[in-house]
Amino acid sequence: MRMKKKRHGTERIALLSQLVSREPASLVKSVETVYGNNNPLRVEIGCGKGDFIRGKSVQEPDYNYLAIEKISDVCTVATEKYAVSRGLGNMAANGGWQKPDGTIYPLGGDEVDFSDCDKGNVRFSVGDAAMLLADFPDNSVDAIYINFCDPWGKKGYAKRRLTHIGFLDMYSRILVKGGKIHFKTDNRELFDFSLEQVEISKFDLEYKTYDLHNSDKNDVNIETEYERNFSAKGFSINMLIAENKK
């Protein structure tokens, strides 16, 4: 279901621009400046409302995370939820952003000022991941997460699938040797296609399951909103992990 257009979405995400990277390729080249440390960088393609990346950043805090989302309004929601989870405030009653000390930053005004420590280990970016990742330097990413992407099921659309060999080759280039792709989907046809593509790629299949929630990986699994909804309807969740062998 398509998200309803958010009122003042552009102004809302602009207020939290310290948590948003407009040029993620530049972010990769200056990780220490952006995050305040040299921890390895991990990327989520299509972060949705941000449930997964928030959970992952807490579960494995010794990494930096970049969450990419193509739809601006969805990224706005993800960024706001992350800010709330960090204790950085809430949306103000009449618009804008209110910090815990009561300071209100109105829509269209200055960006909210956060300390480097408060910003934590997640940044967001709005855009097409295929285009953004193409500019990333070689060997610059530790892991890539792809959760419930568009299956592009129509005939002739296979090259658009985020697990097509064309994308896998790009991931291999930007991932360090031994870096991993973590992929989840409820679409069995897409999952089988993805397994075939991994087989002919520069990745080794490390793990696969056709029923994640009844597997040995479920204890550490972080569910997305989509995942919770479709699992509740009886859909099995497929998951694979592939390691970059270069």
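Read-outs: derived from the displayed coordinates by stated rules, not from any lab. Note that the coordinates shown come from a computational prediction; the quantities given were computed from them, not determined experimentally. Ideal geometry is used to build each Cβ from the backbone, glycine not excepted, and the neighbour counts take in all protein chains shown.
Report the local net charge at Asp150: Lys and Arg +1, Asp and Glu -1, summed over other residues whose C-beta lies under 10 Å from its C-beta. Mind dumping the intermediate values first?
Details: positive: Lys70, Arg160, Arg161; negative: none.
Once positives and negatives cancel, what remains is +3.
Distance between the 7 Å Cα→Cβ label points at Glu225 and Arg160: 2.3 nm.
For the chain, build the charge dipole from Cβ charges (+1 Lys, Arg; -1 Asp, Glu) around the Cα centre, then report which of Gly87, Pro151, Ser140 sits farthest towards its positive end. It is Pro151, whose Cα lies furthest towards the positive end. Legend: calculated FRET efficiency, Gln59 to Asp211, from the Cβ-Cβ distance at R0 = 25 Å, rounded to 0.05, equals 0.70.
Stokes-Einstein at 20 °C, 1.002 mPa s, Kirkwood radius from Cα pairs: D for region 97-208 in µm² s⁻¹? In µm²/s, the coefficient rounds to 128. If R0 is 35 Å, the Cβ-Cβ spacing of Ser85 and Leu195 corresponds to a FRET efficiency of close to 0.55.
I need to check one value: relative contact order of region 83-151, counting alpha carbon pairs closer than 8 Å and at least 6 residues apart, in percent. All intermediate terms of the calculation are to be shown ahead of the outcome.
On the way: 39 pairs, mean separation 12.4, N = 69.
Relative CO of region 83-151 lands at 18 percent.
Given R₀ = 41 Å, what would the calculated FRET efficiency be for Arg22 paired with Thr103, taking r from the Cβ atoms and rounding to 0.05?
On the way: r = 24 Å, r/R0 = 0.60.
Once the sixth-power term is evaluated, E becomes 0.95.
Once the piece of chain linking Asp169 and Ser115 is laid out straight, how much longer is it, given 0.36 nm per residue of separation minus the C-alpha distance between them? Walk me through the intermediate numbers first.
Details: separation 54, 0.36 × 54 = 19.44 nm, distance 3.75 nm.
Contour length minus Cα-Cα distance gives 15.7 nm.
Relative contact order, whole percent, for region 99-246 stands at 26, derived from Cα pairs under 8 Å and 6 or more residues apart.
Assuming 0.890 mPa s and 25 °C, estimate D for region 1-94 with Stokes-Einstein, Rh taken as the Kirkwood radius over Cα pairs, in µm²/s.
175 µm²/s
First select every other residue whose beta carbon is under 14 angstrom from the beta carbon of Thr103; then total the charges, Lys and Arg +1, Asp and Glu -1.
Working: positive: Lys99; negative: Asp101, Asp110, Glu111, Asp113, Asp118.
Net of charged neighbours comes to -4.
When every Cα-Cα distance of region 143-206 is counted in 10 angstrom steps from zero, the calculated P(r) takes the values 22, 59, 18, 1 percent. Quick one: of Lys155/Lys180; Lys184/Lys217; Lys56/Lys245; Lys49/Lys119; Lys29/Lys119, which pairs are farther than 21 Å apart, Cα to Cα? As for pairs spanning more than 21 Å Cα to Cα, those are Lys155/Lys180; Lys56/Lys245. Quote the relative contact order of region 129-195 in percent (integer), defining contacts as alpha-carbon pairs under 8 Å separated by 6+ residues. Here the relative contact order equals 47 percent. Looking at the calculated P(r) for the chain, what percent of the C-alpha pair distances fall above 27 Å? Within the chain, distances greater than 27 Å cover 36 percent of Cα pairs.
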